[in-house]
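Here's the structure, in structure tokens; my notes come after.
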Amino acid sequence: MQICMDHLARMLTGDRLDDAAVTGQGQPWHHLRYEHTAWLREQVDQMDWSPAYRNKHLAALRGVLKEAWKLGLLSTDDHQRAVALAPFGGHREPAGQHVPDAVIGALINACDADRSPAGATSGAGLRDAAIIAVLDACGLRRAELVALQYPDYDRARRMLTVIGKGDKQRRIPVNSFAARRLEAWLARRGTHRGPLFPRLTRGGTVRTGPDGRPWQMNPQAVRDILAKRTEQAATTAVRPHDLRRTFISNLLPQADAIMTARLVGHASPSTTLRYDVRPDEEARDAVERLRVPTVAPLLPGTSADQRPPAAP
């Protein structure tokens with residue numbers, strides 16, 4: 001939300017939106033009244049942003065004004081008037097892509113082809129294959145994946161315990177494909193405590209700090225791993241969130257939106273539905289499966305609106 005407030009501050013001061021010298025911090029937001037917030041809404045409406053991103057700016061503004069009201073810097077009447085802004089309508093197709101199974105297979109094959117000097121799959125290859133399999137089979141966010149600890153994986157029940165946004169815990173079943181890849185990685189990693197997917201040395205061993213504890217990867221490392229493996233596999237670029245979108249898109253036909261939202265850590269099923277990036281071919285197939293009404297055939301030389309009525 002900070003970047004949104006920075007944008008709004010620059011609109012008020014007449015500066016360019018990319019002027020980093022002007023930020024939303026320290027601005028006298030409590031002086032804003034309805035005429036100011038309505039003007040800001042007009043400025044936001046002129047930007048080439050998606051409706052969701054425009055509404056994010058309104059939400060940020062409402063949040064700041066609410067804090068000013070709670071601190072007694074804004075009267076109840078002025079606060080209610082200032083935040084009485086209509087949301088932006090419209091719709092944009094979801095960002096990202098649906099990753100086909102063939103691409104997932106190519107990424108895993110690229111990991112398997114990463115060999116150690118002894119000729120076996122390297123530690124990095126085993127770890128990266130497990131990471132890709134878990135992202136594909138569980139739909140985790142990058143930050144959730146790197147935060148996983150060894151005890152978070154129940155090997156007997158094939159269940160991951162994940163801490164998501166808002167410090168909310170959820171449990172996610174691991175399918176047999178991802179479980180096999182996890183077991184192959186754990187056979188190399190070992191059963192010691194620490195990150196489930198730690199940083200590795202160039203030799204493929206677990207990197208540890210001065211205290212002997214394994215080093216945790218950062219979320220950017222997950223993106224770098226996928227970039228490396230997609231280049232090796234010569235596939236289209238795949239980002240971690242594409243695998244999350246694909247997991248949701250694949251799960252929705254098998255489970256209801258509420259169950260899907262629970263598994264991916266969304267507070268609202270409506271958020272989950274925005275992640276649906278199933279290809280157009282699936283929509284076409286679904287339409288083709290609809291019933292076809294029985295009608296009389298067209299007579300030669302007639303159009304559809306001249307078709308004779310069907311027999312009772």
**Message:** Based on this model, can you work out whether ARG141 counts as over 18 Å from ARG229 (Cα atoms) and exposed (fewer than 14 other Cβ atoms within 10 Å of the Cβ)?
**Reply:** no
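Rundown of residues vs (1) touching a residue at least 24 places away in the same chain (Cβ under 8 Å); (2) in contact with a Lys or Arg (Cβ under 8 Å, 6 or more places away or on another chain), yes/no style:
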| residue | (1), (2) |
| --- | --- |
| ALA147 | yes, no |
| ARG155 | yes, no |
| ARG170 | yes, yes |
| TRP185 | yes, yes |
| GLY194 | yes, yes |
| ARG202 | no, no |
| ARG207 | no, yes |
| ASN218 | yes, no |
**Message:** Could you check segment 149-174 and list, in sequence order, the residues that are under 21 Å from TYR275 (Cα atoms), in a loop (DSSP other than H, G, I, E, B) and modelled with pLDDT of 95 or more?
**Reply:** VAL174
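Considering MET47, MET11, MET5, which residue is over 25 Å from LEU273 (Cα atoms), free of Cβ contacts under 8 Å to residues at least 60 places away in the same chain and surrounded by fewer than 18 Cβ atoms within 10 Å (Cβ to Cβ)? Talk me through it step by step, then tell me what you get.
Values: MET11 fails: surrounded by fewer than 18 Cβ atoms within 10 Å (Cβ to Cβ); MET5 fails: surrounded by fewer than 18 Cβ atoms within 10 Å (Cβ to Cβ).
It is MET47.
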**Message:** Out of the residues in segment 235-274 meeting the condition of being small (Gly, Ala, Ser) and part of a helix (DSSP H, G or I), tell me which one is modelled with the lowest pLDDT.
**Reply:** SER270
**Fill in**
Quick count over segment 26-48, residues being at pLDDT 90 or above, more than 20 Å from ASP78 (Cα to Cα) and not aliphatic (A, V, I, L, M), is 3
**Fill in**
Scanning segment 175-216 for residues that are outside any helix (DSSP H, G or I) and among the aromatic types (Phe, Trp, Tyr), the one surrounded by the most Cβ atoms within 10 Å (Cβ to Cβ) turns out to be PHE197
**Complete:** Taking segment 35-76 and keeping residues under 29 Å from the mean Cα position of the chain (by Cα) and of a type in the set (Phe, Trp, Tyr) leaves TRP49, TYR53
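Of a type in the set (A, V, I, L, M) and assigned to a strand (DSSP E or B): is that true of ILE225 in this structure? Can you show your working first?
Numbers: of a type in the set (A, V, I, L, M): yes; assigned to a strand (DSSP E or B): no.
Criteria not met by ILE225.
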**Asked** Failed condition for ILE163, given (1) within 17 Å of ILE248 (Cα to Cα); (2) surrounded by 14 or more Cβ atoms within 10 Å (Cβ to Cβ), with all others met?
**Response** (1)
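Regarding VAL146, is this residue under 30 Å from ASP167 (Cβ atoms), among the aliphatic types (A, V, I, L, M) and outside any helix (DSSP H, G or I)?
On the way: under 30 Å from ASP167 (Cβ atoms): yes; among the aliphatic types (A, V, I, L, M): yes; outside any helix (DSSP H, G or I): no.
When the stated conditions are applied, VAL146 does not pass them.
The values are calculated or read from the model by the stated rules, or taken from the named source; none is laboratory data. The shown structure was predicted, so the numbers you read here are calculated from the model rather than taken from an experiment. Because the Cβ atoms are built from the backbone with ideal geometry, glycine has one as well, and the counts that use them run over all protein chains shown.
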